[in-house]
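Before any comments, here is the structure.
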Amino acid sequence: MTSPAWARRRDAAGRAWREFAANRGGLVGLVVLAVFVLVAALGPVLIDDADLDVTRATGDRLRSPSGEFWLGTDENGRSVLALTLWGTQLSLVVGLAAALLSVVIGTTVGILAGHFGGWLSAVLLRFTDFFLIMPSLVLAIALSAVLDGGAGTIILAIGVVSWPASARLVRAQTLAVEARPYIERSRALGGGHGHVIFKHVLPSVLPLVFVNTTLAVGTAIVAESTLRFLGLGDTNEITWGGLLRSAGSSGAITYGAWWYLLPPGIAIVLLVLAFTLVGRALETVLNPKLRERR
Amino acid sequence: MTPVLELRDLRVTYAGGHAAVRGVDLTLLPGQTLGLAGESGCGKSSLAMSVLRLLPKDAQVSGEILLDGEDTRAMSWGRLRAVRWASASIVFQGAMHALNPVRRVGTQIAEPMRLHASLPEDQVEARVAQLLAQVELPPEKARAYPHELSGGQKQRVMIAMALACGPRLVIADEPTTALDVIVQAQVLALVTRLVAEQGIGLVMISHDLSVLGSVCERLAVMYEGQVVELGSAPTVVHDPQHAHTKALAAAFPTVGDPASRYAPATTNPAGVPPKVVPRAGEPLLRTQALRVDFRQRGGGWMRAVNDVSLEVGRGEIVALVGQSGSGKTTLARTVLGLQQPSGGQVLYDGRPLPRGSRGLREYRREAQLVLQDPTSALNPRHTVYEAVAEGLRIHRMPGDERELVAAALEAAELRPAGRYMPVLPHRLSGGQRQRVVIAGALALRPRLLVADEPVASLDASVRGEILALLLRLRAELGLAALVITHDLGLAWNIADRVAVMYRGELVEVGEVEQVLLAPRHEYTQSLLAALPEVAPVT
Amino acid sequence: MTDSLAPVEESIAEVPPPSRGGGVVRYLLAKVGGAVMSVLMVVVLGFFLFRVMPGDPVSIMTRGRPVSGAQLEALRAQHGFDKPLLVQFWNYLVGLVHGDFGQSYAFNAPAGVIIGERLGPTLLLTGTATVLAAALGLWLGAKTGWHRNGPLDRGSSGVALVFWSIPPWWLGVVLLMIAGGVFPTGGMQSPDSPAAFFPHALDVAHHMVLPVFTLVLALYGQYQLVMRASLLEEMNSDYLTTARAKGLRDDLVRRRHALPNALLPTATLVFLHLGMVVSGAITVEAVYSWPGLGQLTAEALASKDLPLLQGIFIVLVIAVVVMNLFADLLLRVLDPRVRAS
C-alpha cells in the first residue's frame, strides 16, 4: 500500500512544483527569500561585532557612501550596510514567529467555530469579529507598551492581534468542507468529532493555512518594523524599523541622508514582497478554486 | 419556408482538443418543437450555446449555424447583438443563477425590450405585466428580487424574459431539471401552451426522454457529440433503435408497466435476482410518532417531520417518496441518529436508539448511509482503499483490513478489487464512485441501508445498474433498505412498499402496486398525474 | 401530460420563500446590539490592558527617570492606582460615562480634552485618504478584473502589490525627502495661516497633500486587489451569460450586471479594513507631525503616558466599531441579498 501511495504523493509534489515554477513572480520571490535567509544565517560570520558597537565605531557621523562604507554611516559612525545586513535576522525571525503564532491561534479558533455550532461558535465568532474590526496596530502598540521587553513581546503583540483574519478564512473553509456530504457519510459511519476534524477538516484546511502563513509573514514584518519605528520593544536590538527610527530622530531626513533612510526600508519592502509573491503563487497552486480561475 | 434554425455539420472543439460536438445536422421549421436528449457531457449544452455564439472564447466552432437563413458565425458583433434575444432567446438551466440577484425581475424582463427598442418606453411596463400574466404570475412580482421567488416562479420569470421580444426561436436548456415533479408539470404545460399559441420554434434540451417526449414533436438523441437517433417523439421513446436511446428510455420506466417491476434496466450478466419475500416478524426499523422541529432564522419553529410512524422490515426495501422540502431527508437523518428528534422515537431491532455516542457508534455500524451525489460523498483526497477502510478503522473491525476492503469492493462489483484500491475518486466514473460509497457501507456488514436519492445525480444508463445492485444485495445479504427519492419510477423498479411524504407527514403508506396504481390520497394522485406522458406511437 | 391540473395542486405546489417584512427591526437590533457589545468589550479590554496587565502602571510611566518612593506614592494616589482593582474599575466606568478618560501624565491635563482636540485633524486626514484610495482602488480593480491578464492588469496589479508591501511611514519618510521642498513637511497649517475660511482651507489642503498622498498609496492596493478578486468571482456567473444572450454590449454587461454584484461585497471589505486605515494613519501622522491622534499616540508612547494611551485606544476602537455599524446598516439598504437574510 505504501509504495503506490508514496509514488502518488511524489507525483503530486512534482506537479505542484511545476505549477509553482510556472508563476514567474513566485519564483522571483522564492529566490529573493533564499537570499535573505542566507544573509540572516551568515550574518554573524560576515559581520564583525565591532562594526555594530557604538563605542567602537570607526566611521564619522552620517557620512555618505564611500569605498570604506559602501552605504555610508549612521549617526554613530557605524556602517549602514553592516547594520542592515545584521537586522535581517531579527526581522525574519520575528516575522515568522509572529505569523506562526497568529495562524496557529486563527486556525484553532476557525476550526472550532466552524465545526462546533451553537454557543461556542457564537462566542468565538463574536470575539473574532471584534478583533477583526479592531485597529490591530493600536492594540499591538498598547500591548507592547504595557509589556516590557524585546523581540518576544513584539512577537506576542503581533501574533495576538492578527489572528482574526485567518480565523475567518479557516472557519469559512471548515464550513465549506463540513457542508460536503462526505462529512455526513463519515458521521454516519460512526466517526466522532476528533475523527472528522483530524481526518477530513484539517487536511483540507492545511494548504490554505500554509498559504495564509506565508502571506501573514509579510504583514507581520511590516507590523514589526512599525512597532520598532514607534520606539517599542528593546531599542538596543538592531532591527530595520529601529534603524529607521534612529535615522528619523537623528535628523537624517533633513540632512538628506538617503543612504541611511533607503537601505533598511528597501530591505523591508523586498522581504515583504517576496513573502507575498510566494504566498500568492502558492495560493494559485494549492487553492483549487483559484486554480480554475486563472 | 426558411427554417428558423438550421445546423450544418456543426462542430465544437474546446482548447485541449476535447470535441464536444462532432458534426451535427439539424433543421427546425417555424413553430416546430424539437427535443434534444442525452447524458451529461454529450455536447447538447455546447450545441445550444453555439447558436448565439455564447461559448467561451477557447471554443472552436465550425460548420454553419443558420438562424432564419443567416449564418450567425458570419455576423458582425453589432448584427449578432441585434439578433440575440430578438430572433432567438434562451431559457437557461438553473434559473436561480441565470437571474441577476441584485436587480428586480421586472427590470430584467424589460431589459431586452429597452435594448432592442422593440417597444416605446411608455408601453414597456404594461408589456412586462402582460408577459408575467402569460406565465401565470401576478404583475406585482415585477418588483420582486430573484431570491424572493420560488424555483418554479424564477423559471416562469425566465420564460417571460425569453418571450419579451417575440422571438421566432426559443432554446430551453434543462428548463425543469431542478424543479419538483408537480412544478415541472406546470412549467412544461406552460411552455407547451405558449409555444403553440405564439407559433414559436422550440429546441428543448434535457436528459429526461419522457419530459422531452411530453412537450416536443420530434426528438434527437445525442451521444458523444453526435446525433445517433432522430425521429418523432413517440417512436423514439417507445421504439428506440440505437443502443444508447434504449438505455435512456429504460432509465425512466413507466409506472404500472409490469416489465419493469423489480427489474431496473441492467446489462450486468448477474441480472436481476428473483423476487424476495421479506421475512415477517418484528420490523428491523420502526419510528413511532416521530417529530423533528427546527428553529427558524428570525424566530419561530418549523416542523420538518410531523408524527411519522414508519416500519422497515428485515430484508425489505421501502421507498420514501416526496418532493423537496417534504421532510424526507430530515427523516432519514433522524433515523440514522444524525438528527435528534423533538418527539417520538426510533426503534431498531425493537430497542430505542441509544442517545450516548458510544451506543450510537455501535448502531451506526449496522445502519449505513448512501448519499445522493457520490462525487461529493467521497473525500477527494482519500483513495478508494481509504474511503472503504474508513468505517473499518472507526469501528476497529476485527480481521485483516485489506481483505475486508477487498471483499467489500467485490460485493459492490468493483472487480478486481486490487485495481481500484489505490485510485483517487476523481479518476472514477459516477457509477463507480457510487459503488465505492456502497462498498464503504458494506464493509461494516450492515443490516440496513438508508439511501438518499442514490441515483439522482447519476447518468441514466448507470441508474439501472446501481438499482439492480441494491436488489442483488438484498437477495444475497438480506439487506433492508430505506430509499429516499422523488422518483416514482425508482419505487416501481425496486421497492416492496412505498411511503408518500408531504409537508412533514406520511399521507399514504402501502404496497407499491396498491399505492402507485390505486392512490387514495389526493397528493399521491397529483404526483402520479404530474408524471410526463409520451403519446403512443400512431 | 395532464392538461387539467386539479385546483388542489395550487396548494401542493412549492411554497415561495416567506417574506420577511418584520426582519428590519430584528436586523437593526442585532447589529446595534452587536456594536454595543463590542463597545463594552473595548471598555473592559482597555481597563485590563492598561491597569491590570502592567501590574504597577506607575513603574512603567516613570521608567528611565529617577523618582523617589514618595513621588511614586503620590503618583499612585493621583491616578487612583492605590485602590483595590474593583474600585478602580468602578471609578474607571463612572469616569468613562462622564467622558472622563483620566489625567494625562505628560500633558498634565484631562486625557479626554486632549484627545478631543486631536480628533478633527485625524478624521479629516483619514476620511480624505480613504475616499480617494477607495475610489482609485475600486476603479482600477474593476478595470483590471474585467480585462484580466491584459496589459493594464499585469502592470497595475504588480504595482498595487508593491505599494501594499511598503510600510506607510517609510513611504512617508521617502516622500518627505523627495518632495519636502515643494510641499510643507509638517503640521496642519503654517504659523502665519490666514484667518479667513477659504485661504485657511487652502493652506490646510496644501499641508494635506503629502500625508494624504502617502496614505492613498498605502491603502489603494488592498482595495484594488479585493475588487479585482470580487469581480473575477462574478465573471463566470450564469446571469452574465444571460445578459450577453440578451444582446448587451460588453461594457453594459459589466456596468449593469457584473459591477453592482462585485461592488457590494467589496464595499463591506472597505469598511472592515477601516482599522487598517487607522493603523496607517497613526504612523503617517507621526512622520508628518500631523496634529491628530496618531501623532498624539507617538507622543504618549514617548512619555509612557498610560492614561492618555488608554483614552486614545478606547476612542479609536469605538470610532471603528461605530463606522462598521453604519456600514452594515448602509449595506442592508443597498444590497437586496443582505436584506433577505
Legend entry - Nearest 10 degrees, 0 to 90: helix C:197-235 Cα axis against chain C principal axis: 40 degrees
Legend entry - Chain lengthening between C:Arg148 and C:Phe198 when straightened (0.36 nm per residue, less Cα-Cα): 13.6 nm
Inset, instruction - Please compute the net charge surrounding B:Gln93, taking Lys and Arg as +1 and Asp and Glu as -1 over other residues with Cβ under 14 Å from its Cβ. - result: -2
Inset, instruction - For an R0 of 30 angstrom, estimate the FRET efficiency from the Cβ-Cβ distance between B:Ala243 and B:Gln514 and round to the nearest 0.05. - result: 0.30
Legend entry - Projected label distance in nm at B:Ser40 and A:Leu27, using a 7 Å step from Cα toward the beta-carbon: 3.7 nm
Legend entry - chain A: relative contact order in percent, alpha carbon pairs under 8 Å with at least 6 residues between: 26 percent
Legend entry - Relative contact order of the stretch B:399-501, defined on C-alpha pairs under 8 angstrom at six or more residues apart (%): 25 percent
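Based on the Cβ-Cβ distance of C:Ala135 and A:Glu19, what FRET efficiency does E = 1/(1 + (r/R0)^6) give at R0 = 25 Å, to the nearest 0.05? Don't skip to the answer; put the middle values down first.
Working: r = 36 Å, r/R0 = 1.43.
For C:Ala135 and A:Glu19, the calculated efficiency is 0.10.
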Inset, instruction - Could you tell me whether the stretch B:288-381 comes out rounded, prolate or oblate from its Cα gyration tensor? Rule is a ≥ b ≥ c as square roots of the eigenvalues, rounded for a/c under 1.5, then prolate if a/b exceeds b/c, otherwise oblate. - result: rounded
Inset, instruction - Enter the angle in degrees (range 0 to 90, nearest 10) between the Cα long axis of helix B:121-134 and the first principal axis of the Cα atoms of chain B, meaning the one along which they spread out most. - result: 40 degrees
Inset, instruction - Could I have the simple spin-label model distance between C:Glu233 and A:Arg126, label points 7 Å from Cα toward Cβ, reported in nm to one decimal? - result: 2.7 nm
Inset, instruction - Sort A:Glu237, B:Glu311, B:Glu229 so that the residue with the fewest other Cβ atoms within 10 Å of its own Cβ comes first and the one with the most comes last. - result: A:Glu237, B:Glu311, B:Glu229
Inset, instruction - Determine the calculated [θ] at 222 nm for the protein assembly as shown from helices alone, applying -39500 (n - 2.57) to every DSSP H run no shorter than 4 residues and normalising by the residue count; nearest 500 deg cm²/dmol. - result: -18000 deg cm²/dmol
Legend entry - Within straight-line cross-link reach of C:Lys143, aspartates and glutamates at Cα separation under 19 Å, skipping those fewer than 8 residues along the same chain: C:Asp153, C:Glu233, C:Glu234, C:Asp250, C:Asp251
Inset, instruction - Considering Cα pairs under 8 angstrom that are at least six residues apart, work out the relative contact order of the stretch C:87-229 and quote it in whole percent. - result: 36 percent
Legend entry - Mean-position separation - Cα centroids, the stretch B:367-406 and the stretch A:128-201, in angstrom: 30 Å
Inset, instruction - Would you mind putting C:118-127, A:262-271, B:418-427 in packing order, based on average other-beta-carbon counts within 10 Å, highest first? - result: A:262-271, C:118-127, B:418-427
Legend entry - the stretch A:178-215 residues near the modelled B:Ser357 label - backbone nitrogen below 11 Å, point 7 Å along Cα→Cβ: A:191-197
Legend entry - In degrees, nearest ten, helix C:274-287 long axis to first principal axis of chain C (Cα): 40 degrees
Legend entry - Pairwise FRET efficiency - B:Glu410 versus C:Ser303, Cβ, R0 = 56 Å, nearest 0.05: 0.10
Inset, instruction - Return the distance in nm (one decimal) between the two label points of a simple spin-label model at C:Val159 and A:Val93, each offset 7 Å from Cα along Cα→Cβ. - result: 3.9 nm
Inset, instruction - Between the alpha-carbon centers of the stretch A:224-248 and the stretch C:268-341, tell me the distance in whole angstrom. - result: 24 Å
Inset, instruction - Determine the shape class of the protein assembly as shown: with a ≥ b ≥ c the square roots of the Cα gyration tensor eigenvalues, call it rounded for a/c under 1.5, and otherwise prolate if a/b is greater than b/c, oblate otherwise. - result: prolate
Inset, instruction - Please turn the phi angles of the stretch C:124-129 into ³J(HN,Hα) values with the Karplus equation 6.51 cos²θ - 1.76 cosθ + 1.60 (θ = phi - 60°), one per residue in order, whole Hz, x for glycine and proline. - result: 4, 5, 5, x, 4, 5
Inset, instruction - State the antiparallel share, in %, of DSSP beta bridges confined to the stretch B:54-209, rounding to the nearest 5. - result: 15 percent
Inset, instruction - Kindly identify chain C as rounded, prolate or oblate by the Cα gyration tensor criterion: order the square roots of the eigenvalues as a ≥ b ≥ c, call it rounded if a/c is under 1.5, otherwise compare a/b with b/c, prolate if a/b is larger, else oblate. - result: oblate
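Can you tell me the length gained on complete extension of the stretch C:Glu73 to C:His206, counting 0.36 nm per residue apart and subtracting the Cα distance? Walk me through the numbers before you get to the answer.
Numbers: separation 133, 0.36 × 133 = 47.88 nm, distance 4.79 nm.
Working it through step by step, the gained length comes to 43.1 nm.
Arrange the following residues from fewest to most other Cβ atoms within 10 Å of their Cβ: C:Val253, B:Val537.
So the residues, fewest neighbours to most, are B:Val537, C:Val253.
FYI, it's all coordinate maths here, none of it is from the lab. Keep in mind that this is a model prediction, so the values were computed, not measured. We place every Cβ from the backbone using ideal geometry, glycine too, and count neighbours over all the protein chains shown.
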